[in-house]
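Engineer: Structure in structure tokens, see below.
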Amino acid sequence: MKASRHRRTIKSSDLLAFFYLKVWRPQKYTKTKYKIINMEYKQSPLPFQGQKRRFVKHFKQALKEYPADATYIDLFGGSGLLAHTVKQTYPGAQVIYNDYDNFSARLAVIEHTNTILKELRRLLANYPRSKRIAEPLRSNVLNYIRQQEKAHTVDYITLSGSLLFSGKYATNYKAFAKETFYNRVRKTDYDATGYLLGVEVVRQDYKQLFAAYKDNTNVVFLADPPYLSTDSSTYNSNDYWKLRDYLDVLQVLKDHSYFYFTSNKSQIIELCEWISSVSTTANPFEFATCITVSTSVNHQAKYTDIMYHLKK
Ligand SMILES: C[S@@+](CC[C@H](N)C(=O)[O-])C[C@H]1O[C@@H](n2cnc3c(N)ncnc32)[C@H](O)[C@@H]1O
């Protein structure tokens, strides 16, 4: 395929980003052969439960089989990592990111989050790392954060990564204040420069978004729903996901090019295999390519993340 097919029109916002990066953030600036500004993130710039960082490499590799000029729709966008990866891979593609959790709002207050972390580093400067934060320091930390709420939205999910036990998240002050704090404060600032550059952000139920594009040609759906039997308490939709809802998502796969993510904990794949073995219902994964990644939560708990993809 010729490089010219990928060439993107340089807009004034791109030029601004170019100078900003070249001068202020040179470590994030690289020039590609397509003359676009390339800021590649291998993981979400802010903590996000269920982000597909372990699949980025495999996803990029698999994308090579899909068109550079397609419309890619990240139905369950989460942190936007898949949408970001597509845009980096195919700058000429239309990429739609369904930001159902309003992750963009967390990105928008990143500077403020960095200010809070700076003050936490100062407050905890002489406190041992990873240790439980005892009184009166705990109250000082909490009061400071409470105070910050008056001026800005506080990103409790990101702060959880710095103060709560590993893997624990709170989404608001009330829940946050109930938790035990540990000195796990991140030592460097967060940075999301250019993360969503060129990506179209929408926010709606995935069914609406799917309905709007399902009859278009040259569309690839990315479907990474909340996993069955997995903690999704930081998502916008905790009580929504029942078995029927997981089965509904499979409608997206029918007759479309897709990437579908699940884990061996969900048993959806087994269910589809079983249904097609006892009935004439087609298994949506029958001709798909399967890629798995083993994940360990701790020494005992291990599970397998799964990515299926199929080009129609
Ligand atoms: C497993 S996460 C996606 C992670 C994402 N691929 C990433 O790499 O960050 C599933 C996402 O689906 C969102 N979600 C839940 N119900 C939804 C709905 N009805 N429509 C669209 N998104 C929904 C959740 O809030 C969560 O952000």
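Values in this text are rule-based calculations from the coordinates and carry no lab data. Source: prediction; values computed, not measured. Positions of Cβ are backbone-derived with ideal geometry, glycine not excepted, and every protein chain shown enters the neighbour counts.
Engineer: Considering amide H positions built from the backbone, and no H for Pro or chain starts, which residues 5 or more places from D101, or on another chain, come under 5 Å of its amide H?
Structural biologist: Long-range HN contacts for D101: G78.
Engineer: May I pose another question? R244 to N264: extension gain in nm, 0.36 nm per residue of separation minus the Cα-Cα distance?
Structural biologist: My answer for the length gained is 5.4 nm.
Engineer: Given 0.36 nm per residue, what is the gain on full extension from Q251 to S139 after removing their alpha carbon distance, in nm? Don't skip to the end; give the middle numbers.
Structural biologist: Working: separation 112, 0.36 × 112 = 40.32 nm, distance 4.98 nm.
That pair, Q251 and S139, stretches by 35.3 nm at full extension.
Engineer: So, one more: Between E111 and Q43, what's the calculated FRET efficiency when r is the beta-carbon distance and R0 is 25 Å? Round to 0.05.
Structural biologist: 0.80
Engineer: Going by amide H atoms built from the backbone, whose H comes under 5 Å of the H on V201, apart from near neighbours?
Structural biologist: Y97
Engineer: Let me ask you something else. Go through segment 193-205 residue by residue and turn each phi into a ³J(HN,Hα) via Karplus (6.51, -1.76, 1.60, θ = phi - 60°); whole Hz please, and just put x for glycine and proline.
Structural biologist: For segment 193-205, the Karplus curve yields 3, x, 4, 9, 4, x, 8, 8, 9, 10, 9, 7, 4 Hz.
Engineer: Can I ask one more? May I ask for the net charge around D101, where only other residues with Cβ less than 13 Å from the Cβ of D101 are counted and Lys, Arg are +1 while Asp, Glu are -1?
Structural biologist: -3
Engineer: For segment 108-178, give the magnitude of the charge dipole about the Cα centre (Cβ charges: +1 Lys/Arg, -1 Asp/Glu; no others), in debye to the nearest 20.
Structural biologist: 300 debye
Engineer: Count the net charge of all other residues whose Cβ sits under 9 Å from the Cβ of Y173, scoring Lys and Arg as +1 and Asp and Glu as -1.
Structural biologist: Summing Lys/Arg as +1 and Asp/Glu as -1 gives +1.
Engineer: Arrange C290, C272 by Cβ neighbour counts within 10 Å, fewest through most, would you?
Structural biologist: Least to most surrounded, the residues fall as C290, C272.
Engineer: Here's another thing I want to ask about it. Tabulate in residue order the Karplus-calculated ³J(HN,Hα) for segment 104-116, using 6.51 cos²θ - 1.76 cosθ + 1.60 with θ = phi - 60°, rounded to whole Hz; enter x for Gly and Pro.
Structural biologist: Residue by residue, segment 104-116 yields 4, 5, 5, 5, 5, 9, 4, 5, 5, 4, 4, 5, 4 Hz.
Engineer: Of T289, T158, T85, how do they rank once you tally other Cβ atoms within 10 Å and put the fewest first?
Structural biologist: T289, T158, T85
Engineer: What FRET efficiency do you get for W274 and R122 if R0 is 45 Å and r is their Cβ-Cβ distance, rounded to the nearest 0.05?
Structural biologist: 0.20
Engineer: What spacing in nm lies between the two simple spin-label points modelled at V202 and R53, each 7 Å away from Cα in the Cβ direction?
Structural biologist: 2.9 nm
Engineer: With θ taken as phi - 60° and the coefficients 6.51, -1.76 and 1.60, list the Karplus ³J(HN,Hα) couplings across segment 125-133 in order, rounded to whole Hz; mark glycine and proline as x.
Structural biologist: Those phi angles translate into 3, 9, 9, x, 5, 6, 6, 4, 8 Hz.
Engineer: Report the net charge of residues surrounding E65, where surrounding means a beta-carbon distance below 13 angstrom and charges are Lys +1, Arg +1, Asp -1, Glu -1.
Structural biologist: +4
Engineer: Could you list which residues have their amide H under 5 Å from that of A223, counting only those 5 or more apart in sequence or on another chain, with H placed in the peptide plane?
Structural biologist: F259, Y260, F261
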